[in-house]
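Written below as structure tokens is the structure these notes are about.
Values in this text are rule-based calculations from the coordinates and carry no lab data. Everything numeric here is computed off the predicted structure, so don't read it as measured data. In this analysis, Cβ positions are derived from the backbone assuming ideal geometry, glycine residues included, and neighbour counts consider all displayed protein chains.
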Amino acid sequence: MIFDYATLKLIWWLFIILLLLGFAVTDGFDMGVAILLPFLGKTDEERRVIINTVGPVWEGNQTWFITAGGAIFAAWPLVYATAFSGFYVALLLVLFSLFFRPAGFDYRNKIDHPSWRSFWDWALFCGGAIPALIFGVAVGNLLLGVPFYFEPDLRSFYTGSFWQLLNPFALLTGLLGVAILTMHGAAYLNLRTDEAVQARSKGVILLSGASALLLFVSAGFWIAYGLDGYQIMSTINANDYIDPLHKVVQKSTGAWLNNYRQFHWMLLAPTAGLAGLLLTIYCRQHPRRTFALSAVSIAGIISTAAFSMFPFIMPSSSQPNHSLTLWDATSSHLTLQVMFWATVIFLPLILLYTSWVYRVMRGTVTTRTIRDNTHTAY
């Protein structure tokens, strides 16, 4: 089966959204657990319980992030190059904060001293909170538009600064990212722990879920009534290679809602986000249901951003006509075709292996588990 170029462009947009969802749902609860580590565990044993809920799976979860980055590099090279120019400092912050994760998991238990273990607890907290905040800020800036433009030879130039990324709307979406992943981490602890840690996690689900709901609704009103969206005014033939400089883009308040007016089925995404948050809070006494609903809310919120921006990937606030879309920022037809078949073959294998790992590692982690395995547990 050979797909035409336009179909492959759309398929790869869906693939990358799927990879980002996989990263957010799996590595998201790792980050949420790390954010809660210094606060939810009142004793060293309780903190070890918290760490050991994610210890066996966090490395596998993080590969979704690496895979998504590789897919963006291969499928959307212009987006990859432009994003690293504009978000370079922010991405370095994410990278440096993620360094704390392997070191924290491996070294925390090497020395039985309160100061040593407290340092690594806060290091793991940074490894969860900083990426959650930065990724949320990045999404907010994509919705606002990134200040870049292209020269005629398609060399990109970023005209902003790191501090401009920390604008009010982006900080709101950044806090939304922290709140939703904190809720997801609490839902995972609710599933994998018992007694005191589980009881406290239920309270966190209520608090963080309510915060995420308020922030999500606030962002929606801001986008609808106070934020300029982007829309393509010229006709694009998606089957041909489109130079990103050869289109007409217009900015107008509320333009990010146009897709929902045209394609009503897209309203499923914000509905899933809102309903998932409400039901996660309501069902927090049922651990499995709570965790599944938390994952649904994350998928709904991320899909809401993707559907709102479609077909834009990275709008330009400096030169709107230079904005990057899924039609004009992609690799060649051959590249997308080869990558498609590689993904069709290997992604199901990865999903099967991941499912097997989660099945083997299932079960409740308790203080007794830590005491019985004190030298082998994290």
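Please tell me the relative contact order of the chain in percent, rounded to the nearest whole number, where contacts are Cα pairs under 8 Å and at least six residues apart. It comes to 24 percent, rounded to a whole number. Net charge dipole, the chain: roughly 960 debye, given to the nearest 20, about the Cα centre with Cβ charges of +1 for Lys and Arg and -1 for Asp and Glu. L206 sits among other residues whose Cβ lies under 13 Å from its own Cβ, and their net charge, with Lys and Arg +1 and Asp and Glu -1, is +3. When only alpha carbons are used to place a centre, the range 92-155 and the range 16-70 end up 13 Å from one another.
When a/c is below 1.5 the answer is rounded, else prolate if a/b is larger than b/c, else oblate, so apply that to the range 125-172 with a ≥ b ≥ c taken from the square roots of the Cα gyration tensor eigenvalues. Prolate, since a/c reaches 1.5 and a/b exceeds b/c. As a calculated quantity, the FRET efficiency between L154 and R359 at R0 = 35 Å, using C-beta atoms, amounts to about 0.15. Straight Cα distances below 28 angstrom link K247 to the lysines K9, with same-chain residues fewer than 8 positions distant left out. Computed from backbone phi, the HN-Hα couplings of the range 206-222 come to 4, 5, 6, x, 5, 5, 4, 4, 4, 5, 5, 5, 4, 4, x, 5, 4 Hz, rounded to whole numbers (Karplus: 6.51 cos²θ - 1.76 cosθ + 1.60, θ = phi - 60°; Gly and Pro given as x). Tell me which label goes with the value of Rg and Dmax of the Cα atoms in Å computed from the coordinates here: [x] 38.8, 145; [y] 21.4, 67; [z] 20.4, 64. Only one option fits the structure, namely [y]. If only the Cβ of Lys and Arg carry +1 and only the Cβ of Asp and Glu carry -1, the dipole of the range 123-239 around its Cα centre is close to 280 debye. Listed by chain and number, the aspartates and glutamates whose C-alpha is less than 14 Å from the C-alpha of K202, apart from same-chain residues fewer than 8 away, are D194. Since only H246, A295, V89 are under comparison, the one whose Cα sits farthest along the positive direction of the charge dipole of the chain, derived from C-beta charges on Lys, Arg, Asp and Glu, is A295. Note on the chain: helix-only mean residue ellipticity at 222 nm, from DSSP H runs of 4+ residues weighted -39500 (n - 2.57) and normalised by residue number, equals -23500 deg cm²/dmol.
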